[in-house]
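Just so it is clear, none of the values below were taken in a lab; they were calculated from the coordinates. Just so we're clear, the structure is a prediction, and the values are computed from it rather than from any experiment. Glycine also receives a Cβ, built like all others from the backbone with ideal geometry; neighbour counts cover every protein chain displayed.
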Amino acid sequence: MNQEEADREQAERREYVKNIGIEYRFGCYEEKRPDSCQLLAEYMESIDQNKKAAFQLFKANCENRKYPKSCFKYAMYLLSGTECEPSLSKMIDPLKIACDAKIPQGCRYLSLVHWNGEKDRKPDSELAREYMQKACELEDGEACWLLSTWFMGPQAKFQTGKGGGAKTSMPCLGYNLVYHFQTVGTGRNRHFTDLSLRSRSE
């Protein structure tokens, strides 16, 4: 292939990608299709490299149309603090939508949010177990591994530390909250990195 042919092929590819973006915009804004809005947000995120616009569209598609895939992405932005303030509490509703739609990772992260708790929201180990078990049943291998660390003995009781707190899973929580930064394409956040380091030292 000579340079002229290579340039022509590249131009055709760019035109194809551009047309896909136009198609997604039409489907989202004109036809009001939530699946098109999801695809457009992913396009903005990966092709346009416009995370602000992607975040806003994921958020709108979740809050207005309750589209599960957008709700999961919205929650991941809330976790990393990309284009927004990080918030575990705000993750609960969108993750619930994702989990109810049988998105395994949505159930796993919802479990970890309930397990962790915040200053104004107590941890809920029962909900954490329920959602982690659902994620495992949906064949999320990491959820099954985490769940196995939360139980002990033939009676399968929830494992707790000396003071009644389930310390054994905190390193798992910290690992998962930080590990996702390498998997969902959003930036690191010091708050969750500190959480991981602190939990490992306990």
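If you sort the three axes of the alpha carbon gyration tensor as a ≥ b ≥ c, you get a/c of 1.5 or more for segment 12-70 and a/b no higher than b/c, which makes it oblate. Structure note, pairs K51/K134; K51/K102; K59/K102: Cα-Cα distances above 22 angstrom occur for K51/K134; K51/K102.
Between D100 and Q49, the distance separating the two model label sites (each 7 Å from Cα on the Cα→Cβ line) works out to 3.8 nm. Applied to segment 21-35, the Karplus parametrisation 6.51 cos²θ - 1.76 cosθ + 1.60 on θ = phi - 60° returns per-residue 3J(HN,Hα) values of x, 4, 4, 5, 5, 5, x, 7, 7, 9, 8, 6, 8, x, 5 Hz, with x for Gly and Pro. For segment 129-140, backbone phi angles converted through the Karplus equation (6.51, -1.76, 1.60; θ = phi - 60°) give residue-by-residue couplings of 5, 4, 6, 5, 5, 5, 4, 5, 4, 8, 6, 8 Hz, Gly and Pro being listed as x.
Answer rounded, prolate or oblate for segment 1-158, using the Cα gyration tensor with square roots of eigenvalues a ≥ b ≥ c: rounded when a/c is under 1.5, else prolate when a/b is larger than b/c, else oblate. Prolate is the answer for segment 1-158, as a/c is 1.5 or above and a/b outweighs b/c. Evaluating 6.51 cos²θ - 1.76 cosθ + 1.60 at θ = phi - 60° for every residue in segment 77-85, the Karplus couplings come out as 5, 5, 5, 7, x, 7, 6, 6, 7 Hz, glycine and proline recorded as x. Label segment 87-153 by shape, choosing from rounded, prolate and oblate, from the square roots a ≥ b ≥ c of the eigenvalues of the Cα gyration tensor; if a/c is under 1.5 it is rounded, and otherwise prolate applies when a/b is larger than b/c, oblate when it is not. Oblate.
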